[in-house]
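First up is the structure itself, then whatever we jot down about it.
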Amino acid sequence: MEFPKLNLPYNQLRIRRTATNSFKIWDQCRVKWLDATPEEWVRQNFIAYLIANKNCPVHYISQEYPVNLNGQSQRADILVFDSTGAPWLLVECKATEISLSENVMMQAARYNMVIKAPYLIVTNGLQHICFGRNADSDGVLIPCELPNWP
């Protein structure tokens, strides 16, 4: 299987082929092997980027974080907490072939209405769109660059 090159700095990820010829990818946060689906490839590369390039400690990163939206159980792909335990960054990951449409952005925005992280990113590994809360406009998200972990 050929994994697509992503628009992220290179980080060596652990990948293994199983006896059934499928692939597994090592999740350094959950400390286990996962099926190397296209979305998981993006998620694990983005986590490696956060750790290596944005100084996020592994133990402040949560994956598939439960979000209750109108009584429906959903899961946010990545949630990073700051050193006080407050949400800092919500990341919604898609496979490379999924475009970052308005629907994808609205999905992430709905999750963040519950989580209230000051930063929100949607990514398909090729394109990354970051939003930050504007303190002057009651939490409205505006495009920004992601700072280093606080």
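The values are calculated or read from the model by the stated rules, or taken from the named source; none is laboratory data. Small disclaimer: the values here were computed from a predicted structure and weren't measured. Cβ: placed from backbone, ideal geometry, glycine included. Neighbour counts: every protein chain shown. What goes into the accessible areas is simple: the full protein's heavy atoms, side chains included, and nothing from ligands, DNA or RNA. Shrake-Rupley method; radii C 1.70, N 1.55, O 1.52, S 1.80 Å.
Some notes on this structure:
- Of the residues Ser101, Ser73, ranked by 1.4 Å probe accessible area with the largest first, the sequence reads Ser73, Ser101.
- Counting only lysines at least 8 places from Lys24 when in the same chain, those with an alpha carbon closer than 16 Å to its own are Lys32.
- Table column - 3J(HN,Hα) (Hz), segment 85-96, Karplus curve with 6.51, -1.76, 1.60, x for Gly and Pro: x, 8, x, 10, 9, 10, 10, 10, 9, 10, 5, 4
- Cα long-axis angle, helix 38-53 against the chain (0 to 90 degrees, to the nearest 10): 70 degrees
- Here the Gaussian network model covers the chain, with springs between Cα atoms less than 10 Å apart; of Ala19, Ala52, Ala76, Ala19 fluctuates the most.
- Size of charge dipole - the chain - debye, nearest 20, with Cβ of Lys, Arg +1 and Asp, Glu -1, no other charges: 500 debye
- Whole-percent carbon and sulfur share, accessible surface of segment 58-112, 1.4 Å: 46 percent
- With a cut-off of 13 Å between beta carbons, the residues surrounding Asn148 carry a summed charge of -1, where Lys and Arg count +1 and Asp and Glu -1.
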